[in-house]
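The values are calculated or read from the model by the stated rules, or taken from the named source; none is laboratory data. Just so it is clear, the structure is predicted and the values come from calculations on it, not from any experiment. Neighbour counts run over all protein chains shown; Cβ positions are idealised from the backbone, glycine included.
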Amino acid sequence: MARYTGPVCRLCRREGEKLYLKGDRCLSEKCAITRRSYAPGQHGQERKKISEYGLQLREKQKLRRIYGILERQFARYFALAERRKGVTGENLLQILESRLDNVVYRMGLASSRAEARQLVRHGHFEVNGRKVNIPSYLVRVGDEIKLREQALESPRIKQLVAQAQDRTVPEWLEVDRVKMVARVKALPLREQIDVPVKEHLIVELYSR
């Protein structure tokens with residue numbers, strides 16, 4: 001399964017803002033943006049005038065990197081968003097939020113989406129009573145996502161469960177902290193998605 005395996009702090013520096021790709025490290029003094037707030041590479045500190053196309057491309061790259069998605073898969077999600085009724089940009093964000101790895105992250109059971117992806121790949125979660133180990137699995141309204149009992153044997157997961165008690169859960173999810181079960185109440189609205197992107201620029205990019 002293809003995925004980005006390079007230094008993720010470099011991605012934040014390229015976009016010029018925190019994308020919170022490394023969990024707690026992004027909140028510490030070790031954050032790369034805090035120490036070097038310019039783009040990576042030998043020309044990173046040069047001031048450049050960004051074109052309209054450049055702005056659109058940066059928004060698309062930023063959204064891809066936040067959710068950890070490669071180019072071809074992102075293009076498929078955009079095509080799916082176009083076919084759905086409603087606003088294409090909002091549809092795209094709803095699809096990305098509906099990924100199983102993102103739902104696990106939103107439940108508070110991972111410090112980052114990359115960690116949530118790994119937990120799903122290791123088969124630690126069930127959807128409607130069936131084990132699912134595909135991070136890109138799209139949940140639907142009414143689906144129940146549960147942490148499997150066998151997973152609690154892991155010290156790291158025990159730590160994540162303890163930390164999850166203090167995490168805020170989005171309104172479109174209903175989480176039982178005792179049973180570690182989440183139910184999808186509805187698809188998220190745009191105002192419920194705290195992703196710092198201008199999705200209309202991405203739509204303009206793909207409309208060229």
TODO: Enumerate the helices (runs of 4 or more DSSP H) found wholly within segment 65-117, keeping only those where 1 or more residues are out of contact with any His (no Cβ under 9 Å at 6 or more places or on another chain) and over 30 Å from residue 163 (Cα atoms).
DONE: 71-83, 88-97
Task: So residue 161, is it more than 25 Å from residue 73 (Cα to Cα), surrounded by 14 or more Cβ atoms within 10 Å (Cβ to Cβ) and either modelled with pLDDT of 95 or more or not hydroxyl-bearing (Ser, Thr, Tyr) (or both) - done: yes
Task: Single unsatisfied condition, residue 115 versus (1) surrounded by 19 or more Cβ atoms within 10 Å (Cβ to Cβ); (2) at pLDDT below 95 - done: (1)
Open item on the list: So for segment 88-104 (the condition being more than 30 Å from residue 126 (Cβ to Cβ) and at pLDDT 95 or above), does at least one residue qualify?
Closed with: yes
